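The values are calculated or read from the model by the stated rules, or taken from the named source; none is laboratory data. Bear in mind the structure is a predicted one, so any value in this text is a computation, not a measurement. Cβ placement follows ideal geometry from the backbone for every residue including glycine, while neighbour counts extend to all protein chains displayed. Side chains included, ligands, DNA and RNA excluded: accessible areas come from the protein's heavy atoms. Shrake-Rupley method; radii C 1.70, N 1.55, O 1.52, S 1.80 Å.
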Amino acid sequence: MRVPLSWLRDYVAWDRSVEELAELLSMSGSEVEGIDWVGAPHDDANLALFRVGRVVTRERHPNADKLWLCTVDAGEAGGGLHQIVCGADNFAAGDTVAVSLAGATLENGLKLRKANLRGVESDGMMMSEQELGFEQASPGIVVLPADWRVGAPLTDYLPVAEAVLDIEVTPNRPDCLSVYGVAREVAAAAGLPLAPPPVDEPDTSGAPAADAIAVEIAAPDLCARYGARVVRGLAVHDSPPWLKARLTHAGMRPISNVVDVTNYVMLAVGQPLHAFDAAKIRGGRLIARRARAGEHLVTLDGIDRALLPDNLVIADAERGLVIAGIFGAIDAEVDEHTVDLVLEAATFNGPNVMRTSKEVGWRSEASTRFEKGLDPWYVPLGLAMASRLFAELCGGAVAPGVIDVWGQRPAAPPRLHYHTGMADDLLGLLVKPGEQADILRRLDCEVDPAAGTQPGAEADLIVTPPPFRRDLERPVDLVEEVGRIHGLENLPETLPLRGDAIGLLTGDQQVRRRLADSLTGAGLDEVVAWSFVAPDAAAPLALPAGDRRATPIALANPMSVEQAVMRTTLLPGLLGVIATNLARQAERVAVFEQGRVYLARAAGALPVPASGPKDTCQPYPVDEPEMLGIALCGPADTASWAAAARPSDFYTLKGYIERLLSALDIGEAVYERATDPWLHPGKAAKLLLGGAEVGSFGLLRPDVAARYGVEGVEVYVAELAVAPLAARGLPIALFEDLLTYPAASQDLAVVLDADVPAATVLELVRHAGGKVLRDAAVFDVYEGDQVPPGKRSLAVRLVMRAPDRTLTDKDIGAVRRKVLGTLERELGATLR
């Protein structure tokens with residue numbers, strides 16, 4: 001939603017900077033995505049060079065047939081009379097015009113200087129709407145109202161330069177899809193007075209509106225309210241400059257005064273409107289009905305659109321005239337010959353408008369508002385404001401009376417019993433009861449003390465939200481309103497008490513965190529790919545028949561053909577990242593993703609359900625295992641002066657997997673040859689834990705890589721199931737008391753055959769020592785004069801400890817004798 005600051009100030013007296021306004025709105029829940037300065041450069045010195053002028057004389061240029069030599073009065077503040085050469089022909093002496101003086105910088109960046117045009121000096125410019133930034137093209141200069149004061153700054157009347165707020169409106173706040181709605185938020189958050197809605201009733205004359213048009217709602221479930229007014233005797237022409245400026249800065253293109261008024265009212269108060277040429281409505285009747293079988297409608301862009309039976313149309317007695325809430329037809333289009341019109345304001349079913357918008361392939365500012373769910377409360381506001389503007393800007397006479405027909409009346413807003421202490425309980429922020437009541441009133445809520453409340457206490461309130469705030473359904477919603485308007489930045493900074501801390505990671509969450517930390521620590525980048533993919537995304541992998549990954553689940557309402565099914569493997573997304581980065585000259589790409597895949601439990605394809613209402617969801621029997629995918633190519637390390645970069649290979653990828661297992665403290669991994677059809681048969685392996693396969697990894701076959709747009713480089717990929725890693729990862733650490741009962745050590749030197757391995761000796765020692773022997777290690781080897789030929793001496797240190805007592809000499813001697821006996825018996829060893 002683009003909100004010009006000058007327009008916003010019509011409804012709320014904001015006198016601080018636009019940056020402060022953006023901060024206020026963002027902190028109160030209406031995120032300002034940016035501030036766009038439009039028009040000429042907005043410094044005061046430059047804007048002072050734009051003035052309201054009056055053409056004093058107009059004569060032919062002495063040296064050019066198509067130029068005019070004019071004298072323009074820019075007022076005393078504008079330097080008095082200026083000689084200006086002009087090529088336009090749509091003005092006369094005495095007209096009021098927009099003047100930019102020498103030294104001014106225009107909206108397009110052009111800086112004006114005194115110029116010599118065909119031998120005549122020109123000091124300034126009479127400006128067109130294009131040069132002011134209000135039109136894409138303009139046939140001549142802009143002629144201003146005669147009562148504008150000559151010499152006044154042009155900025156007093158027109159937004160020559162201004163700030164425009166780009167606001168991200170959340171789906172639950174359609175009331176903020178208007179300038180007045182945003183002003184209401186500003187007034188509430190800043191404690192400023194809010195101007196009344198700009199919806200004064202127009203003067204009326206002539207025959208009643210009911211004599212000209214009747215309204216019928218044949219689809220009450222799709223049209224809650226339909227209002228209409230009649231305007232007679234208007235003239236279709238260009239809109240005044242101020243209206244063009246506001247529409248342009250708000251992001252809409254000016255078209256004609258009739259169309260511009262409907263768009264202006266929609267942006268001002270949030271109610272979309274549609275104007276019919278009254279002479280083109282057959283039978284004097286408008287009907288809100290579902291489209292008929294095989295019905296077509298030629299829309300204003302000249303396209304013949306086929307309608308579906310669930311599409312809502314506004315029709316006359318013979319044919320459809322509007323795809324409700326989306327697009328009008330040429331059959332009742334307002335054009336330069338229109339004299340009388342019928343103005344529509346209605347409330348349409350939001351989901352139906354959204355679905356129809358996708359089916360016909362057209363989305364507009366109006367449909368965007370209907371999709372969010374407008375309240376019928378807006379209908380009379382839009383009709384009144386637009387009718388008044390038609391009378392003022394189009395010269396029309398508004399017929400007495402309003403045709404107002406209900407399809408389905410909405411439920412009355414709830415009366416909520418609100419206890420002001422909830423704010424402190426839920427926000428941790430103490431807001432006085434009186435201030436809470438004031439905040440809710442500033443948001444247009446009706447606030448009354450609950451029965452039995454003492455006067456002035458306001459601890460318990462009965463709050464009735466306004467009809468346009470359907471998101472306020474429960475008392476807790478009111479707490480949120482109090483918090484955001486009071487200022488979430490005012491929440492106190494507190495630390496939880498020891499013992500009250502919550503939010504510790506579960507075991508599975510710790511495993512997932514450790515997986516990500518391990519790979520990012522190794523230099524890989526984490527990516528998040530789409531869960532929605534093309535139907536043939538996994539086709540290059542040549543998955544065998546019967547593999548569940550070969551039959552993806554189709555979406556009932558896909559965003560596009562490229563995102564029509566749920567992914568069954570992470571590899572296509574990762575390979576897409578590889579291809580994109582290589583196409584942008586990246587030398588090394590090493591990425592991973594943790595995410596779910598979606599596998600049908602039943603064998604075979606699962607088609608989209610063909611029966612049942614479109615708005616219902618029919619769940620599939622589906623498994624959603626979480627997977628970990630890795631993809632890498634390019635050098636494994638960085639080149640230096642000492643050596644070239646080492647290319648990534650199978651063992652680079654295997655090293656990343658072993659790093660994962662080590663980080664999770666998993667030590668029983670087994671690797672076997674993998675036979676996956678997308679992996680190179682000689683450079684692929686599968687990982688097994690406890691005999692169960694976890695996944696596979698290896699070199700991607702070059703032909704498979706080429707089908708994903710990766711050629712000329714080796715790509716290594718892995719895809720592992722997270723569940724078996726989580727089941728075995730991060731086992732519970734067991735503690736052993738090493739301090740209460742100290743260890744005792746004994747050294748033995750035994751003589752045995754020189755060809756007996758030290759590992760064999762240690763294995764026999766550990767087996768013989770039993771539970772008391774905690775460690776054994778060879779610390780010396782001797783071969784020389786003191787041992788017989790063919791023999792050698794091994795010195796072994798024994799470390800003994802008992803968990804429940806201090807070892808005595810008797811205990812130590814028993815272990816020593818058992819070890820020596822075993823070595824003598826098994827190896828023929830003797831004590832040295």
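Considering the conditions (1) at negative phi; (2) open to solvent by 20 Å² or more (accessible area, probe 1.4 Å); (3) modelled with pLDDT under 95, residue 71 is excluded by exactly one of them, (3). Residues in region 336-358 that are within 23 Å of the chain's Cα centre (by Cα) and open to solvent by 30 Å² or more (accessible area, probe 1.4 Å): how many? The qualifying residues number 4.
Note on region 380-427: residues that are within 35 Å of the chain's Cα centre (by Cα) and outside any strand (DSSP E or B) amount to 23. Scanning region 94-140 for residues that are under 42 Å from the mean Cα position of the chain (by Cα) and among the β-branched types (Val, Ile, Thr) returns a single hit, 105.
In summary, residue 217 fulfils each of the numbered conditions (1) open to solvent by 20 Å² or more (accessible area, probe 1.4 Å); (2) at pLDDT 95 or above; (3) touching a helix residue (DSSP H, G or I) at 6+ places or on another chain (Cβ under 6 Å) with the single exception of condition (3). Residues that are over 23 Å from residue 713 (Cα atoms) and either without any contact (Cβ under 8 Å) to a residue 24 or more places away in the chain or in a strand (DSSP E or B) (or both) within region 641-660 comprise 641, 642, 658, listed in sequence order. Just to be sure, is residue 185 open to solvent by 50 Å² or more (accessible area, probe 1.4 Å), farther than 28 Å from residue 240 by Cα and either basic (Lys, Arg) or in contact (Cβ under 8 Å) with a residue 40 or more places away in the chain (or both)? Spelling it out, it is not the case that residue 185 is open to solvent by 50 Å² or more (accessible area, probe 1.4 Å), farther than 28 Å from residue 240 by Cα and either basic (Lys, Arg) or in contact (Cβ under 8 Å) with a residue 40 or more places away in the chain (or both).
Name the single residue that is nearest to residue 106 (Cα to Cα) among those in region 29-52 being among the charged types (D, E, K, R) and part of a strand (DSSP E or B). Checking each candidate, the answer is 51. Close contacts from region 89-117, counting a first residue that is farther than 12 Å from residue 41 by Cβ and a second that is open to solvent by 30 Å² or more (accessible area, probe 1.4 Å) and of a type in the set (Asp, Glu), with Cβ to Cβ under 7 Å and a gap of 6+ residues or different chains, come to 114/121. Would you confirm whether any residue within region 37-51 is modelled with pLDDT of 95 or more, in contact with a helix residue (DSSP H, G or I) (Cβ under 6 Å, 6 or more places away or on another chain) and open to solvent by less than 20 Å² (accessible area, probe 1.4 Å)? There is at least one residue in region 37-51 that is modelled with pLDDT of 95 or more, in contact with a helix residue (DSSP H, G or I) (Cβ under 6 Å, 6 or more places away or on another chain) and open to solvent by less than 20 Å² (accessible area, probe 1.4 Å).
Count of region 225-254 residues, restricted to those that are over 20 Å from residue 160 (Cα atoms) and open to solvent by 20 Å² or more (accessible area, probe 1.4 Å), is 6.
Pairing each residue of region 293-318 that is free of Cβ contacts under 8 Å to residues at least 60 places away in the same chain and surrounded by 13 or more Cβ atoms within 10 Å (Cβ to Cβ) with any residue that is part of a loop (DSSP other than H, G, I, E, B) and β-branched (Val, Ile, Thr), provided the two are 6+ apart or on different chains, yields C-beta distances under 7 Å for 316/281. The C-beta contact set for region 130-153 (first residue within 19 Å of residue 77 (Cβ to Cβ), second residue open to solvent by less than 70 Å² (accessible area, probe 1.4 Å) and of a type in the set (Phe, Trp, Tyr), distance under 8 angstrom, 6+ apart or interchain) comprises 153/50.
Taken over region 715-749, the residue count meeting the criterion of being more than 23 Å from residue 661 (Cβ to Cβ) and in contact with a strand residue (DSSP E or B) (Cβ under 6 Å, 6 or more places away or on another chain) is 7. Each residue in region 53-88 was checked for being outside any strand (DSSP E or B), of a type in the set (A, V, I, L, M) and either closer than 15 Å to residue 99 by Cα or in contact with a strand residue (DSSP E or B) (Cβ under 7 Å, 6 or more places away or on another chain) (or both), and 4 of them qualify.
Looking only at residues of region 428-449 that are outside any helix (DSSP H, G or I) and either acidic (Asp, Glu) or more than 25 Å from residue 190 (Cα to Cα) (or both), we find that the one that is nearest to the chain's Cα centre (by Cα) is 444.
Give the residues of region 389-413 that are open to solvent by 50 Å² or more (accessible area, probe 1.4 Å) and either of a type outside the set (Phe, Trp, Tyr) or at pLDDT below 95 (or both), sorted by residue number.
392, 395, 402, 404, 408, 409, 410, 411, 412
Pairs meeting the criteria (first residue in region 320-332 and β-branched (Val, Ile, Thr), second residue open to solvent by 10 Å² or more (accessible area, probe 1.4 Å), beta carbons under 7 Å, at least 6 apart or on different chains) are 322/274; 323/360; 326/360; 326/362; 326/364; 330/298; 330/300. Among the residues examined, residue 243 does not qualify as of a type in the set (A, V, I, L, M, F, W, C), in a helix (DSSP H, G or I) and touching a Ser or Thr at 6+ places or on another chain (Cβ under 7 Å). For first residues located in region 512-539 and within 20 Å of residue 587 (Cβ to Cβ), partners that are among the acidic types (Asp, Glu) and not in a loop (DSSP other than H, G, I, E, B) and lie 6+ apart or on another chain with Cβ distances below 6 Å form the pairs 527/593. Of all the criteria given as (1) crowded, with 20+ Cβ neighbours inside 10 Å; (2) in contact with a helix residue (DSSP H, G or I) (Cβ under 7 Å, 6 or more places away or on another chain); (3) of a type in the set (A, V, I, L, M, F, W, C), the one not satisfied by residue 445 is (2). The criterion of at least 1 residues that are within 30 Å of residue 482 (Cβ to Cβ) and either hydroxyl-bearing (Ser, Thr, Tyr) or modelled with pLDDT of 95 or more (or both) is met, among strands (runs of 3 or more DSSP E) falling completely within region 90-205, by 161-168. Among the residues of region 796-832, those identified as touching a Leu at 6+ places or on another chain (Cβ under 7 Å) and either free of Cβ contacts under 8 Å to residues at least 60 places away in the same chain or assigned to a strand (DSSP E or B) (or both) are 796, 798, 800, 822, 831.
So, of the residues in region 755-792 that are over 14 Å from residue 832 (Cβ atoms) and assigned to a loop (DSSP other than H, G, I, E, B), which turns out to be farthest from the chain's Cα centre (by Cα)? Checking each candidate, the answer is 789. Across region 766-802, which residue is most open to solvent (accessible area, probe 1.4 Å) among those that are within 16 Å of residue 824 (Cα to Cα) and not hydrophobic (A, V, I, L, M, F, W, C)? In this case the residue turns out to be 767. Selection of first residues in region 391-403 that are closer than 28 Å to residue 216 by Cβ and of second residues that are open to solvent by 30 Å² or more (accessible area, probe 1.4 Å) and of a type in the set (D, E, K, R), restricted to Cβ pairs under 6 Å at least 6 apart or on distinct chains, gives the following pairs, ordered by first then second residue: 397/232.
Taking region 1-28 as the range and being open to solvent by 50 Å² or more (accessible area, probe 1.4 Å) and either in contact with a Lys or Arg (Cβ under 6 Å, 6 or more places away or on another chain) or in a helix (DSSP H, G or I) (or both) as the test, the residues that pass are 19, 20, 23, 27.
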